Amino acid sequence: MYKQNIMNMGKLSIEEILLNLNKDQINSLSQYADAIKQKICEIEILIEQCSNAVCPNCAEVCCINRHGIDGYHDIIYKLVSGIVPITYDSIIDYDSPCQYLSITGCILKRQNRPFRCTWFFCMETLKYFESRDKRKLRHMTKTITEIGELRLKMEKTIEKI
Ligand code: SF4
Ligand code: SF4
């Protein structure tokens, strides 16, 4: 299970991590994961407005299969959150359009996407945000920073195991 994400990483396997978590660590990880989901929901509408305005005209869509597969920490985040991880499928071509991309955009809830999908903003999206309400932009930037800090706390909790 999840072998592709642990090969050659010199880290504990996902199974070893889960087996070695104590009660306090499980509680901390759950709290961080809940806070991340909450904050993603807070800014989702702003990001959706941007994607709806900018992405349909994009000539180089960023959603390819290699971006739509969960990494090591994504899998742990999802398992403690009760979300089914997206695992490697040897049939898919890494550089083909992402298997979760539809004509109306990503079919996954934002909180269920790999972290990099929430975190990535291309030049066009940044230009869109900069041309909009500065107060909303500040709120979004602050919230994204907080999501990043929570994610880092999750990773540090896992590193201590
Ligand atoms: S986020 Fe940027 S690169 Fe990705 S599809 Fe939208 S406009 Fe294109
Ligand atoms: S946002 Fe969705 S469609 Fe795009 S790469 Fe991520 S998982 Fe795939």
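Things worth noting here:
- Tabulated pairs, segment 95-113, first farther than 11 Å from Cys63 by Cβ, second more than 7 Å from ligand 2 (Cβ to nearest atom) and part of a loop (DSSP other than H, G, I, E, B), C-beta under 6 angstrom, 6+ apart or interchain: Asn112/Ile83
- Matching residues, segment 69-85, being touching a Leu at 6+ places or on another chain (Cβ under 8 Å) and within 14 Å of ligand 2 (Cβ to nearest atom): Pro85
- Test for Lys136: is it more than 23 Å from Arg66 (Cα to Cα) and of a type outside the set (S, T, N, Q): yes
- Taken together, the residues in segment 23-70 that are touching a residue at least 40 places away in the same chain (Cβ under 8 Å), in a helix (DSSP H, G or I), more than 20 Å from Arg132 (Cα to Cα) and acidic (Asp, Glu) amount to 1.
- Scanning segment 99-140 for residues that are within 14 Å of ligand 1 (Cβ to nearest atom), hydrophobic (A, V, I, L, M, F, W, C) and part of a helix (DSSP H, G or I) turns up Cys117, Trp119, Met123, Leu126, Phe129.
- Count of segment 44-88 residues which are within 14 Å of the chain's Cα centre (by Cα), over 17 Å from Leu101 (Cβ atoms) and either within 16 Å of ligand 1 (Cβ to nearest atom) or of a type in the set (A, V, I, L, M) (or both): 6
- Qualifying residue in segment 147-156 (condition: loosely packed, with under 14 Cβ neighbours inside 10 Å, modelled with pLDDT of 90 or more and over 30 Å from Asp24 (Cβ atoms)): no
- Of the criteria (1) at pLDDT below 90; (2) loosely packed, with under 13 Cβ neighbours inside 10 Å; (3) within 25 Å of Asn27 (Cβ to Cβ); (4) not polar (S, T, N, Q), which one Ile91 fails: (3)
The values are calculated or read from the model by the stated rules, or taken from the named source; none is laboratory data. These figures come from a predicted structure and were not determined experimentally. Cβ coordinates were reconstructed from backbone atoms using ideal geometry, including for glycine residues, and neighbour counts include every protein chain displayed.
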